[in-house]
Amino acid sequence: MGWQVPKPDAAEAGGLRSGPRRGPAAARQGAQRAGAGRDRVAWLIGWALVLEYTIGGSAVARGISPNLALFFGGQDSVPWILARHQLPWFDIIVDPCAAALVFVVTVLLCVGIKESSFAQGVVTVLNACVMIFVIVAGSYIGFQIGWVGYKVSDGYFPHGVNGMLAGSATVFFAYIGFDTVASTAEEVKNPQRDLPLGIGVALAICCALYMAVSVVIVGLVPYFAMDPDTPISSAFARHGMQWAMYVVTSGAVLALCSTLMGSLLPQPRILMAMARDGLLPSFFSDVNKQTQVPVKSTIVTGICAAALAFAMDVSQLAGMVSVGTLLAFTIVAVSILILRYVPPDEVPLPPSMQESFCLNQECDEERDRGLLGVGNCNLSQTKDVIVVVESVKDPLIDKRLHKGKMDETKRRKIASLSIGSVCVGVLILASSASATWLPFLPICIGCTIGVVLLLAGLSLLSWIDQDAGRHSFGHSGGFTCPFVPVLPVLCILINTYLLINLSGDTWMRVGIWLLLGVLVYAFYGRTHSSLIDVVYVPAAQADEIYRSSSGYVS
């Protein structure tokens, strides 16, 4: 078979670079800089998820004890060892019951993924039955009393749209369990099919049940008259249905226990993944041989969550969880735009595939030497190589290759500017719309500038082509995000607006957490990262290696 003139990307993958080749030291330094940049983003996402799950579990545990107190006849009748106490000289109310529940769930998670999943499935089914009961029985009461909750004197939106969105940002942690499915991908038999299906179906069912329960309860009791600790149970007790109060309380306890388990389950897996990348000590990546569960990470997560549930209030915890969740989701949405339009030219090769890559490189070099050697190749092969070299030097071919590279460089530059325009426009628009304390004119000017930048960036992203290798980036055959760029841009806009509407105290606590993460990364993760000495290869060549290692024919 004769040689053919390679395409620009194939030429780059094969080593036919038009410019001067980098030496080993320069290539290693460039790889280290690229790996450090990617490490920082990965660390920020992982550290935000740690905040989300650990504190989310603590907030849920803190809400279980008031519901359990109803079975004892109120907070005053709870046994002393489980009751809440206020520490002297401190404005802190400790909750031993919440900490004990976290330890119980931690032990259950250490037993094994099958056992904990079965227990969570049973609890979830019972919880769904209780929620259906709340909807049916609450609707019956609502039609009898005329839905008094919707007839308040200050209107249906007493705090306006901004107040509603601020509340949405605070209770956003109620939806953190859905990405738990993705964090357990290693323990799913068919993740490519089951993960998107499980997330989509679970999200649809829970959204329908959440909204229906909220509509019923808000209609039964005005928002200002609700008990913040036990809103659903107290709503039925207020209308004389004491027996229903115990049913609802049982469902609330089951729901919170299921949510607590779902919050603590993915956290050890995230720590294990970060430890495998070298960002955390290898202690967190140890998996128990009998239970196939990262027991050490689970125990550490349980201890931290129990300490937070013991000492912090629900309102403080909920805001911090929302910040961690929204930050992680926003970074992921921006990363989708980057991977679709301006993915990196070179990707890290896993250590398990570096040996096969080096063998392929040696084989290619030996083949080239054999073809160009005087005594080791026949005359026709030598002529073919000479023809290829002369053809590459042809002005017309060189012009076409140069033009293709220029067009691709121009497209990537436009895409980068468009993504930046979208991010800046979203930040200006969300900040201006949330600044209700400003005069009307500055708000209008800020919103106008933000809308112009946002729409300009979105229009350019919709107009230009996405990267040719976007669907085969990294491992081939995975599912991809639909409706790009509209869906990621909407996600960035909504999440940023919710983040800005959170309180200053919440941002101060989260700032301390992020500062702690910076210190951990600076003194450990930066120097122990697996990307420091990793081999970087062109993206197209990496995809071929992935396919060949998976049994596919290139």
Whole-Hz Karplus couplings 3J(HN,Hα) for the range 336-343, θ = phi - 60° and coefficients 6.51, -1.76, 1.60, Gly and Pro as x, run 4, 4, 5, 5, 7, 10, 9, x
Rounded to whole angstrom, the alpha-carbon centroid of the range 483-527 lies from that of the range 81-110 at a distance of 28
On the formula 1/(1 + (r/R0)^6), with r taken between the Cβ atoms of Arg412 and Ile93 and R0 of 56 Å, the FRET efficiency rounded to 0.05 is 0.55
SASA check, Cys257, accessible area w/ 1.4 Å probe, all protein chains in place, rounded to nearest 10 Å², comes out at 40
For the range 46-312, the dipole about the Cα centre with charges only on Cβ (Lys and Arg +1, Asp and Glu -1), to the nearest 20 debye, works out at 340
Share of accessible surface on carbon and sulfur in the range 240-310, whole %, 1.4 Å probe and ligands ignored, is 68
Given Cβ charges of +1 for Lys and Arg and -1 for Asp and Glu, the option among Gly121, Cys257, Ala311 whose Cα lies farthest towards the positive end of the dipole of the range 46-312 is Gly121
For the range 46-312, dividing by residue count, accessible area per residue (probe 1.4 Å) in Å² works out to 49
The simple spin-label model distance between Val520 and Val161, using points 7 Å out along Cα→Cβ, in nm, is 3.9
Non-local residues with an amide H under 5 Å from the amide H of Asp467, with H modelled 1.01 Å from N and Pro and chain starts lacking one, are Tyr341
Stretched fully, the stretch from Phe283 through Ile145 gains (0.36 nm per residue minus C-alpha distance, one decimal, in nm) 43.8 nm
For the range 46-312, the count of lysine pairs 8 or more apart or interchain whose alpha-carbon atoms are under 26 Å apart comes to 5
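The values are calculated or read from the model by the stated rules, or taken from the named source; none is laboratory data. These numbers were taken from a predicted model, which means no experiment stands behind them. Counting neighbours? That spans all protein chains shown, and the Cβs are built from the backbone with ideal geometry, glycine included. Ligands, DNA and RNA are excluded from the accessible area calculation, which covers all protein heavy atoms including side chains. Shrake-Rupley method; radii C 1.70, N 1.55, O 1.52, S 1.80 Å.
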